[in-house]
Amino acid sequence: MGVECFVTGGSGFVGQHLLARLSATGHKTWVLMRNRDHLERLREQVGQLGGNPANIHAVAGDISRDGLGLSEADRQSVSCASVVFHLAAAFSWGLTMERARAVNVQGALRVARLAASLRVRLVMVGGYMVQNFAFLTRIGVDYDCPANTDWPAVYSRVGGYEGSKLESHFAVIRYMQQAGADYTIVHPATVCGHSESGHILAGQPLVELIRNLAQGRFKAVPGSTRHWLPMVSVDYLVTLITCVAFDPLLANRQVLALHEHTPNLQGLLRELAKTLGVKAPQRHVAIGLLRWLAMIPGLAARLEIRAESLNFIQTQRFDMSESEHLERKYRLTQPDMAQTLERTVRYVMAHLPD
Ligand SMILES: NC(=O)c1ccc[n+]([C@@H]2O[C@H](COP(=O)([O-])OP(=O)(O)OC[C@H]3O[C@@H](n4cnc5c(N)ncnc54)[C@H](OP(=O)(O)O)[C@@H]3O)[C@@H](O)[C@H]2O)c1
């Protein structure tokens, strides 16, 4: 039976697919929208993704404002929600620490406060780098005692987006524990398109990567043959999110959404290049060198090197036992990655021209 849900970030890439899934399965869903005038367009997009537009309703607000900027009437509307899904984020490179904190940390805490006040579960979408413990140590995050972390120093090492995603993770858990409220966090890898339609939105990191490859900007493969950029398809991610949201055993747990058999970066670029009909880079270039080049004023922009995006290219493998357990429990299977990548490239070429 359907329940009422409250979703932040519903107009975003993952959010649209989540709305499609929730509304198609009979859940009446309240979406926090910065611009409520976009509701009809959102309903149309959700309908195209297989959702039921009639189940989508909007409340006006902004997570960077006190009380999420909700009017009293809208606060009343969302008070019937049985689950709060938090996906909204300022998701771009080059964010200042102030801006990233205001939206991604303080905003997440405001959503957590709402869930705790309603005494319902908060389902938050985090990011998989929080489970790369070697990375956390290297950038100065104290995993065992996060309060000891010098966050401004972390932001200066990894940039506003990743710094704020990590800080919000620990801040939200701490808040929910103190409030005695339930949370579940899903940590996706870089999200690729829908495994059948290839649907993806402009602005996603994978779209940027595909365009750079198409335009011949990849002269070499960053890192070695051990480096990879873990991926997950948006449909698998959304299925996992909805499974854990309603599972009593997943209260106060975290789960990774990541396709362990994503090819290494060289293989990934080869797959994408094959569909694009361009040559894949053969040689390798050290990530340290790219980071150094990115620091030279003007050069980073000319070579299209985003220092922040290099953090996600790594040699780390992840403990997938919790996700594998859930896959068995819910009979989930990860879609074939090569096919999903091919469909994503075709979607980008057909629908997202530069
Ligand atoms: N996509 C990935 O590869 C990836 C990987 C790991 C984790 N994640 C995480 O997954 C979540 C969803 O990502 P996505 O790719 O779907 O992001 P996205 O497409 O960039 O969408 C971001 C969403 O956040 C909303 N938003 C931004 N600032 C807001 C504010 N101040 N108040 C209210 N809403 C605000 C946007 O609304 P507007 O329409 O008003 O702009 C939009 O709906 C994020 O938390 C992201 O950090 C994503």
I'd like to verify a number: residues in the stretch 50-73 that are β-branched (Val, Ile, Thr) and over 15 Å from Gly107 (Cα atoms), how many? 2
Could you tell me whether any residue of the stretch 13-25 is of a type in the set (Ser, Thr, Tyr), within 11 Å of the ligand (Cβ to nearest atom) and crowded, with 22+ Cβ neighbours inside 10 Å? no
Take residues that are in contact with a Cys (Cβ under 7 Å, 6 or more places away or on another chain) and under 24 Å from Tyr183 (Cβ atoms) and tell me which of the strands (runs of 3 or more DSSP E) falling wholly in the stretch 7-113 contain 1 or more. 28-33, 83-86
Enumeration of residues in the stretch 244-281 that are in contact with a Ser or Thr (Cβ under 9 Å, 6 or more places away or on another chain), open to solvent by 30 Å² or more (accessible area, probe 1.4 Å) and outside any loop (DSSP other than H, G, I, E, B): Arg253, Gln254, Asn264, Gln266
Per the filter on the stretch 29-38, residues more than 10 Å from the ligand (Cβ to nearest atom) and within 13 Å of Val7 (Cβ to Cβ) are Thr29, Trp30
Inside the stretch 79-98, can you point out the residues that are within 13 Å of the ligand (Cβ to nearest atom) and crowded, with 16+ Cβ neighbours inside 10 Å? Phe85, His86, Leu87, Ala88, Ala89, Ala90, Phe91, Leu95
Unmet requirement for Trp151, which otherwise passes all of (1) more than 15 Å from Ile313 (Cα to Cα); (2) within 16 Å of the ligand (Cβ to nearest atom): (2)
Report the residue count in the stretch 35-56 for those that are loosely packed, with under 14 Cβ neighbours inside 10 Å and either in contact (Cβ under 8 Å) with a residue 40 or more places away in the chain or of a type in the set (A, V, I, L, M) (or both). 1
Please determine, by comparing only the residues of the stretch 57-78 that are surrounded by 15 or more Cβ atoms within 10 Å (Cβ to Cβ) and of a type in the set (S, T, N, Q), which one is farthest from the ligand (Cβ to nearest atom). Ser77
Residues of the stretch 230-269 satisfying the condition of being small (Gly, Ala, Ser) and farther than 24 Å from Thr25 by Cβ: Gly267
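The values are calculated or read from the model by the stated rules, or taken from the named source; none is laboratory data. Worth saying up front: this structure is predicted, and the values here are computed from it rather than measured. In this analysis, Cβ positions are derived from the backbone assuming ideal geometry, glycine residues included, and neighbour counts consider all displayed protein chains. Note: areas computed on protein heavy atoms with side chains; ligands, DNA, RNA excluded. Shrake-Rupley method; radii C 1.70, N 1.55, O 1.52, S 1.80 Å.
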